[in-house]
Structure formats: structure tokens, C-alpha cells
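The values are calculated or read from the model by the stated rules, or taken from the named source; none is laboratory data. Keep in mind that this is a model prediction, so the values were computed, not measured. Cβ atoms come from the backbone with ideal geometry, glycine included; neighbour counts cover every protein chain shown.
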Amino acid sequence: MFSLIKNYFLQRHLAENKKVRQKRIIALTQAKSVGILCEITNEDSYKDIFRLFSKMQEGGQSIKMVGYINDKEVPFYCLQQLSADYFSNKHLNWFGNPNMVQVQDFIQKDFDILIDFNYRYNAPIKAILAQSNAKFIIGREKKNSALYDLFIDKSPNDNLLYLKEIYTYTQMLSGDDK
């Protein structure tokens, strides 16, 4: 019952503070800045997403990542870096909106592309997506599909395959698939 009330107030807050974004289709290879949203469920999921994050940084793009941990504390293996921050339930206000400074900076940044790597619903991730200034938002979680500019429905839980699909679809949509 309490979670329903919290969710109601979060939805109301997001509706009242809806962002008007300058949307633009951009190929992943042409993006100068990329934001990554993810949920860290265990050490293996951290290693998986961090491997992708590191690989994307090698491309010379400005990459920033925010990871959500659905627990009281951020685990020891999630190392804060200049371009990677993590938040837990401790960093949420009473209705589930992230109130950590690094997350607010992430929300305000004008990313060319924001990629949501989540494959299950999380209210704090939805709050970030709804408030983001990103020009092009990509995701695969069905409950957040209204917030995405590109929704990849058939995407598997394999993050590398998902990234390859993003590359393919953004190339086609932007006309860079020559």
C-alpha cells in the first residue's frame, strides 16, 4: 500500500516537471556524448556493464554512466569514478526520485544519446529518463517505452547484443548505413 502511494506521488512529480527536450536522431558512431543508465544487481552485472562502458570509452566519445543498486548501500565493488557514479535506495527521496548531486548532474547533461540498459522496471530509472535533457533516448524496458525515442523490443538480456542492435538501428534511422 505504501509503495503505491509513493509511486503515485512520483508519477505526479514527473508529470508536473515534464522536460521539453530537443529531440534528434543521432547514429551511435556520430554521438559526441553518450549517457548510460543501468541497474547493478550483483558483481557479475557490474563487470558486464563496466566492460561495455570501458569499450565505449575507447571510441573517443564522452561517456557518462549512472548505475542504480536496489539496496540500502552501494556495494564495495562499485567504484565511483569521474565518469561513473552509482546510487542506492539511500539516495532517493521519500517517493523514489534520486536526489544525489551526481545523478542530478547526469539528468541535466545534454547527451546526444542516452541508453537505458535496464530490462526490468525501476521507478528511480524512470524518474531519470523522464527528467533527462538527452536528445535521443534508447531503451528496452516496456513500462518505460513512452519515454524512449527508440524502443528496441526484441532485445535480449545480453548487453553486447543490445549494443549491436542500437548501433544497427541508429545507423539506419540517421541514414549513416552506407
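Being polar (S, T, N, Q), in a helix (DSSP H, G or I) and free of Cβ contacts under 8 Å to residues at least 40 places away in the same chain is the filter; apply it to region 114-168 and report the residue that is nearest to A27 (Cα to Cα). Break it down stepwise before answering.
First pass over region 114-168, keeping only residues polar (S, T, N, Q): 118, 122, 131-133, 144-145, 155, 157, 159, 168.
From what is left, the residues that are in a helix (DSSP H, G or I) are 131, 144-145, 159, 168.
From what is left, the residues that are free of Cβ contacts under 8 Å to residues at least 40 places away in the same chain are 144-145, 168.
On the way: N144: 21, S145: 20, T168: 9 Å.
Among them, the one singled out is T168.
What residue, of F2, F76, is among the hydrophobic types (A, V, I, L, M, F, W, C), modelled with pLDDT under 90 and either closer than 19 Å to K135 by Cβ or surrounded by fewer than 17 Cβ atoms within 10 Å (Cβ to Cβ) (or both)?
Numbers: F76 fails: modelled with pLDDT under 90.
Every option except F2 fails the conditions.
Hey, could you check region 80-98 for residues that are over 15 Å from the mean Cα position of the chain (by Cα) and not polar (S, T, N, Q) and say which is farthest from Y8 (Cα to Cα)? So that I can check it myself, show each step before the final result.
Narrowing region 80-98 to residues over 15 Å from the mean Cα position of the chain (by Cα): 80-82, 89-96.
Next, from what is left, pick out any that are not polar (S, T, N, Q): 82, 90-92, 94-96.
On the way: L82: 34, K90: 20, H91: 19, L92: 15, W94: 12, F95: 8, G96: 10 Å.
Residue satisfying both the conditions and the ranking: L82.
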Name the residue, out of F95, F87, F106, that is out of contact with any Lys or Arg (no Cβ under 8 Å at 6 or more places or on another chain) and aromatic (F, W, Y).
-> F87
Given the structure, is S145 out of contact with any Ser or Thr (no Cβ under 6 Å at 6 or more places or on another chain), modelled with pLDDT of 90 or more and surrounded by 21 or more Cβ atoms within 10 Å (Cβ to Cβ)?
-> no
Please tell me if L10 is touching a helix residue (DSSP H, G or I) at 6+ places or on another chain (Cβ under 7 Å) and at pLDDT 90 or above.
-> no
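Got a number for residues in region 57-73 being under 24 Å from P124 (Cα atoms), surrounded by fewer than 19 Cβ atoms within 10 Å (Cβ to Cβ) and under 17 Å from the mean Cα position of the chain (by Cα)?
Going residue by residue through region 57-73, those that are under 24 Å from P124 (Cα atoms) are 62-73.
Checking which are surrounded by fewer than 19 Cβ atoms within 10 Å (Cβ to Cβ) leaves us with 62, 70-73.
Then drop every residue that is not under 17 Å from the mean Cα position of the chain (by Cα), which leaves 62, 70.
The number of residues fulfilling the criteria is 2.
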Within the set of pairs 6 or more residues apart or between chains, which connect a residue that is free of Cβ contacts under 8 Å to residues at least 12 places away in the same chain inside region 32-59 to a residue that is basic (K, R) and exposed (fewer than 12 other Cβ atoms within 10 Å of the Cβ) with Cβ atoms less than 7 Å apart?
-> none
